[in-house]
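The values are calculated or read from the model by the stated rules, or taken from the named source; none is laboratory data. Computed from a predicted structure; not experimentally measured. In this analysis, Cβ positions are derived from the backbone assuming ideal geometry, glycine residues included, and neighbour counts consider all displayed protein chains. Note: areas computed on protein heavy atoms with side chains; ligands, DNA, RNA excluded. Shrake-Rupley method; radii C 1.70, N 1.55, O 1.52, S 1.80 Å.
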Amino acid sequence: MISVEDLKVEFGVKPLFSNVTFVVNDRDRIALVGKNGAGKSTLLKILCGKEHPTAGTVSVPVGTTIGYLPQVMILHDDTTVREEARKAFADIQDLKERIDRMERQMNERTDYDSPEYMALVERFTSEHERYQMLGADGYEAEIERTLTGLGFLRTDFNRPTSEFSGGWRMRIELAKILLRRPDVLLLDEPTNHLDIESIQWLEQLLAAWSGAVVLVSHDRAFINNVSNRTLEITCGQVVDYRVKYNEFVVLRKERREQQLRAYENQQKEMADMRQFIERFRYQATKAVQVQQKIKQLEKIVPIEVDEVDNSAMHLKFPPCLRSGDYPVICDEVRKEYPLNSQSSPLASHLVFEHVNLTIKRGEKVAFVGKNGEGKSTLVKCIMGEIPFDGMLKIGHNVQIGYFAQNQAQLLDESLTVFQTIDRVARGDIRLRINDILGAFMFGGEASEKKVKVLSGGERSRLAMIRLLLEPVNLLILDEPTNHLDMPSKDVLKEAIRAFDGTAIIVSHDREFLDGLVTKVFEFGGGKVREHLGGIYDWLQSTSRWNVESGMIKAAPTAEKVAPQPSPASRPSPQNDYAARKEQLKQLRKAERAVEESEKKIARMEQRLKELDQLLCDPAKASDMTLVTEYTDTKRALDEEVERWEKLSEEFEALEQ
């Protein structure tokens, strides 16, 4: 679909990469990987035509559509969520407006026998048939499925986009790109603003995508579940591995070992040559051999070795005081915010209520749930930053280390990166400051940068390093991996795993949480539910995703759970899980009926798309067999959609 040949990009004296040649094929799921600054985002921009290479060509076949999601983009706030998503179907809407205009003209005119009127009828018939073949009547349902899959509620559809945060507006842009169904998807960190459930929905959608996908992501689980091919930018080259990400990691290790052996052999050979030259430089009898060695030495192309992976570096928190047995206890904690509403001045938004939880010393727990459900709010309650109702007790001798996005704003801008860390480092750790900075992408000259010139992501990483070196016994991390690459995340994960104290981690990164936490607190619908086990235990117990519909399957939601009883009579987490499992079993039959209907819809939509492509061929446009099949399939699809709506209503009634 896209052919890249002899690509070269220069931003300075040394090329970013050169002699890059590869092809993006249909159905490729390419993970584009490499260290920060290697040129991943630049390569995506070149593929979509946003930037131009210094040399080389990028060939895109005529008619191939490309959808590109950058990390940062300019957003507009002049429409509602639904209206913004409809922009993905601008061509269909323009076609509908033309059809409506022609229909009005036919109703207003009376010259039925004139050639002009007959030409108008012919144009109307042709455009209307094209409108039907595009499946335009079903795009509203497709909009709803996509927005729901990305975490929007139906009550959000008619809200102005200006009411949403930047992360949610990025989801709208992602929805528009997915709805256009381009032949090639280029996604730069698409999971940055998604919660776990939306990430799962997106990865299943991409795995079934009919075109090609090229993505950049530091979410190891996401790219491994999506990819079937890996392109690595390393040493100014692009190395093509025809395997998914996890297999690439193994092959890359083997390749680096081969590079090291070849590099060592070459260095030995060059050293022998230099030794010979120095030894016989001034002997006339050896002059010819010396000149030959000099020429051979000049012709040698140095072997480059892939950069060392710093993930093997170990980092431990400094010793700290022993805290009480229960660092955090919540009893009937409730939080709501007043709304600024002219019609109802007393209106308020309930974030959560009846929160009863106890975190024991040494536990590593995760706060998970959709964005806006109260995870960061409860963290702020624990930190004493905002008022709340109920009782929240911090245990004896608890020393809290807190990482939030605004922590980066509290750094001293007059210091360098090295000085910032040197001021908090104690003992032997001071001898390893440069290694630690390198593990978090501050190696070399970057350690001498002033804090005031750092980007937001760099400041966040620096604040994380500083926190790692402080003596605390309760660690609270709010989205700690947002600005970290994979090696840095590995260093952080190992440090937290070896941490003697207690840790509360708010994160959507499944791979980061896997093997790290032993308990999950799920936020949703104003409630907080406790789940024993790791992150994948929670995902398995609450699995409810269907890629065809892009909607949440049946599962007891927090909105429908009765208020929790008092601590004395509250059921154990095991009993709570058993009750939910029994409820899921009762709903399974209705759920399967909805699923089967959704699969039928997906198959018919795919067939309509194939027929549409066939009918676009002038040689087959008048093939009545294809036209008849298209009409019959479209009619069956409409009937199945109506059936799906009824099944869904019955299912929702059962769920309630």
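Checking the cross-link filter: which lysines have an alpha carbon closer than 19 Å to that of Lys253, excluding same-chain neighbours under 8 positions apart?
Qualifying lysines at Cα under 19 Å: Lys35, Lys244, Lys489.
Tally the DSSP beta bridges in segment 182-249 and give the antiparallel ones as a percent, rounded to 5.
Within segment 182-249, antiparallel bridges account for around 50 percent of the total.
Roughly how many nanometres apart are two label points built 7 Å out from the Cα toward the Cβ at Ser165 and Ala602?
If labels sit at Ser165 and Ala602, their model points lie 3.1 nm apart.
Where Rh is the Kirkwood radius over the Cα pairs of the chain, the temperature 10 °C and the viscosity 1.306 mPa s, what D in µm²/s does Stokes-Einstein return? Kindly include the intermediate steps, with their values, before the conclusion.
On the way: Rh = 28.9 Å.
Estimated via Stokes-Einstein, D reaches 55 µm²/s.
Calculate how many DSSP beta bridges within the chain are antiparallel, expressed in % of all such bridges and rounded to the nearest 5.
Roughly 55 percent of the beta bridges in the chain run antiparallel, per DSSP.
Could you tell me what percent of the accessible area of the chain is made up of carbon and sulfur, with a 1.4 Å probe and every protein chain present?
Roughly 49 percent of what the probe reaches on the chain is carbon or sulfur.
Mind giving me the nanometre distance, one decimal, between the label points for Val453 and Gln266, set 7 Å out from Cα along Cα→Cβ?
With each label point 7 Å from Cα toward Cβ, the separation is 3.3 nm.
For segment 635-646, just list the computed ³J(HN,Hα) in residue order, Karplus coefficients 6.51, -1.76 and 1.60, θ = phi - 60°, integers in Hz, with x standing in for Gly and Pro.
Along segment 635-646, the couplings run 5, 5, 5, 4, 5, 5, 4, 4, 5, 4, 4, 5 Hz.
About its Cα centre, what dipole magnitude does segment 72-212 give when the only charges are +1 on Lys and Arg Cβ and -1 on Asp and Glu Cβ, stated in debye to the nearest 20?
180
Which Rg and Dmax, in Å, describe the Cα atoms of segment 1-84?
15.3, 48
Which entries in Lys493/Lys519; Lys600/Lys634; Lys370/Lys527; Lys14/Lys293; Lys14/Lys40 show an alpha-carbon gap greater than 19 Å? Provide the component values of the computation, followed by the final result.
On the way: Lys493/Lys519 16 Å; Lys600/Lys634 12 Å; Lys370/Lys527 12 Å; Lys14/Lys293 28 Å; Lys14/Lys40 16 Å.
Too far apart for the 19 Å limit: Lys14/Lys293.
With the dipole of segment 63-201 worked out from charges on the C-beta (+1 for Lys and Arg, -1 for Asp and Glu) around the Cα centre, which of Ser198, Ile99, Thr64 lies farthest toward the positive end?
Ser198
For an R0 of 30 angstrom, estimate the FRET efficiency from the Cβ-Cβ distance between Cys235 and Asp435 and round to the nearest 0.05.
0.85
Net charge near Lys45: determine it from the other residues with C-beta under 12 Å of the C-beta of Lys45, scoring Lys and Arg +1 and Asp and Glu -1.
Summing Lys/Arg as +1 and Asp/Glu as -1 gives 0.
Just to check I understand the Karplus step: with θ = phi - 60° and J = 6.51 cos²θ - 1.76 cosθ + 1.60, what whole-Hz values come out for segment 30-40, glycine and proline as x?
9, 8, 9, 10, x, 5, 4, x, 6, x, 5
So if a site counts as exposed when it's one of the GluC sites (Glu not before Pro), its DSSP state isn't H, G, I, E or B, and it has at most 15 other Cβ atoms within 10 Å, what's the longest stretch of the chain without one?
Result for the longest clean stretch: 52-303.
In whole Hz, with x marking every Gly and Pro, tabulate ³J(HN,Hα) for segment 412-419 from phi via Karplus 6.51 cos²θ - 1.76 cosθ + 1.60, θ = phi - 60°.
After applying 6.51 cos²θ - 1.76 cosθ + 1.60, I find 6, 6, 7, 8, 7, 4, 4, 5 Hz.
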